[in-house]
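The values are calculated or read from the model by the stated rules, or taken from the named source; none is laboratory data. The structure presented is a predicted model; accordingly, all values stated were derived computationally and were not measured. In this analysis, Cβ positions are derived from the backbone assuming ideal geometry, glycine residues included, and neighbour counts consider all displayed protein chains.
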Amino acid sequence: MYLAKTSWISILKFPAIAGALLLLPNLPLRAESVEFETPTVTSESLEQIERYSNEEYNNSIGQGVEGASKFRDVSPSDWAYQALNDLIIRYDCLVGYPDGTFRGNRALSRYEFAAGLNACLNQIERLIAAATADFVTREDLETLRRLMQEFETELASLGTRVDSLEARTAFLEDHQFSTTTKLKGEVIFSLSDAWGGQTDNVQTVFQNRTRLNFLTSFTGKDQLQVRLQAGNVAPLLPGGNIIFDDGTSATQEGRFTYDGPVGNNVVLDILRYRFPIGNKINVQIIANNGLHHYYVDTVNPYFEGLAGGSNAISRFAERNPIYRIGPFGAGAAIAIKPIDKLRLDFGYISNEAEDAGPGAGLFNGNYSAIAQAVYGDRFKVGLTYVHAYDGTMASDFPSRFVLGGTGTIFANLAPAALASITGLPAATMNTPVASNSYGIETSLQITPNIIFNGWVGLTNARLIGLGDANIWNFAGGLALPDLGKEGNLGGVFFGAAPTLRGLRTPGNRNFSRDFAYHFEAFYRHQIHKNISITPGVIWLLNPNQNSNNSDAVIGTLRTTFTF
């Protein structure tokens, strides 16, 4: 239904309200909110308006309010100028666009007109309530009556439309999350070399590793992680390229955080799903390649990098090596936060979970279990216990018992190394190992840019049918985030890598128990939000726990791309 010609003419006779409304498609109004209810104008209201108008109209109209002249695209010669001017000055319910324009040449729908009319009606209601409605004339109200009658249907339907929009908005808020998969990747280029020992056959190498993480959430709070990995970062020292003065080689000291994968073959690395139970419990189900440090707090901020390319250079500097005990596998973990600043973690991993044969399976094969409590905020203390059983040779070097690529060849209980100590055949050294490990980890944030970390770890290992071994490690580090520039990171680290300090077996002979010291320094320079370059150096003192061995030095220049 459209307004008759006579109606439009009559409206123009009362420009204080209607004339400008016909020209304001989507125009911002002075009203703070638009409530789509048809105001009721009573005879009592009319009398009140007329009384206020007669008393104070001439003294108050237009004071302190800029009229239509504030619009750059409206000139005094325009036919609607006076209507806009009165609407702004007398009722203050029209503000225009932020760029100072009115845009009166845009088309206006009946619904837009009704919304604008409703805003001005609400403004008039407020003026009446505030006893400032003296600007309203009887002619204006007659115009309003005709407009309300003409647009009665539209004004009534606006409420229904808003109710519908509110219902749809509520539905979208309740169902706003849809299954989404995000890709996060990391690519590492590294140029590295090593020097030292009696015989040095290490060549300068340029290596790479790529990780692609597919992160999927079904509820907005859970996450399914699928990680693919490929690389050619063969360890520099474990391959025997450096032979030390005592004739030993193949130490696990000084290994990079990102070494291991070779051949640039794409493999499924991590496969896990995590989800919350309430506000204080988080659960993880790990299907492939799980280790304890994937889900616990290792209390080593800025050095811990989850074997990535943005933090510490070496595996040893990332965390207490006892978190690495037990080969990669499948299992589950639970994290509980019973009170503020306290976190409890429990986890179990088996690397033969998929094998249904004797002496294997989820609970009858090799496994590692962890229990940990961490308390604090700026100052944190962690207490860690790890129990593990390794009954068969692990697929990776050096033996069935591993410390995750850290420590001396003796601390990793390699059969050949134990045979050189005991004088017994190496075959007799390859026995199952049950171990109990204990750790204390601390972190102190002096300022946001100065953080001290440290730990002590002890492993008591039972070589079943053979004897016992004691393995110690300790370390401390200083992290300097935002050093020189926001996003940069400086780190200095010193400690003793896992060292075999005690061995009680048949034929036990004296052996060197010197701590295998490890010094590390690195500086990550963030040249771009997604690109960093990290020069770093590792200095190994008493390699393979013998002070008679010459020191070894490893240098690297690591470039990391993240996306």
Can Asn85 be described as part of a helix (DSSP H, G or I), in the same structural domain as Leu155 (by TED's automatic domain parsing) and within 18 Å of Leu141 (Cβ to Cβ)?
-> no
How about the stretch 351-390: which of its residues are on the phi > 0 side of the Ramachandran plot and assigned to a strand (DSSP E or B)?
-> Gly376
Count of residues meeting criterion [touching a Ser or Thr at 6+ places or on another chain (Cβ under 8 Å), over 24 Å from Phe151 (Cβ atoms), surrounded by 13 or more Cβ atoms within 10 Å (Cβ to Cβ) and not hydroxyl-bearing (Ser, Thr, Tyr)] in the stretch 68-111 | 2
Determine the pairs where a residue that is over 18 Å from Tyr294 (Cβ atoms), located within the stretch 271-282, has a partner that is in a loop (DSSP other than H, G, I, E, B) with Cβ atoms under 7 Å apart, the partner being 6 or more residues away or on another chain.
-> Lys280/Lys337; Lys280/Pro338
Within the stretch 429-462, the count of residues that are within 30 Å of Ala360 (Cα to Cα), small (Gly, Ala, Ser) and surrounded by 19 or more Cβ atoms within 10 Å (Cβ to Cβ) comes to 5
Does the stretch 310-327 include one or more residues that are within 16 Å of Asn453 (Cβ to Cβ), assigned by TED's automatic domain parsing to the domain that holds Thr251, buried (at least 20 other Cβ atoms within 10 Å of the Cβ) and without any contact (Cβ under 8 Å) to a residue 24 or more places away in the chain?
-> no
Members of the stretch 237-280 that are within 24 Å of Gly329 (Cβ to Cβ) and touching a helix residue (DSSP H, G or I) at 6+ places or on another chain (Cβ under 6 Å) | Arg255, Thr257
Filter result (surrounded by 17 or more Cβ atoms within 10 Å (Cβ to Cβ), modelled with pLDDT of 80 or more and closer than 30 Å to Gly247 by Cα) within the stretch 171-203 = Ser190, Ser192, Ala194, Gly196, Val202
List every residue pair whose Cβ atoms sit under 7 Å apart, with the two residues 6 or more apart in sequence or on different chains, where the first one lies in the stretch 66-78 and is within 15 Å of Arg90 (Cα to Cα) and the second, anywhere, is of a type in the set (Val, Ile, Thr).
-> Gly67/Ile88; Gly67/Ile89; Ala68/Val74; Ala68/Ile88
Among the residues of the stretch 212-232, is there at least one that is in contact with a Lys or Arg (Cβ under 6 Å, 6 or more places away or on another chain) and under 28 Å from Leu500 (Cβ atoms)?
-> no
Yes/no for Thr143 being among the hydroxyl-bearing types (Ser, Thr, Tyr), in a helix (DSSP H, G or I), in contact with a helix residue (DSSP H, G or I) (Cβ under 9 Å, 6 or more places away or on another chain) and not assigned by TED's automatic domain parsing to the domain that holds Val226 | yes
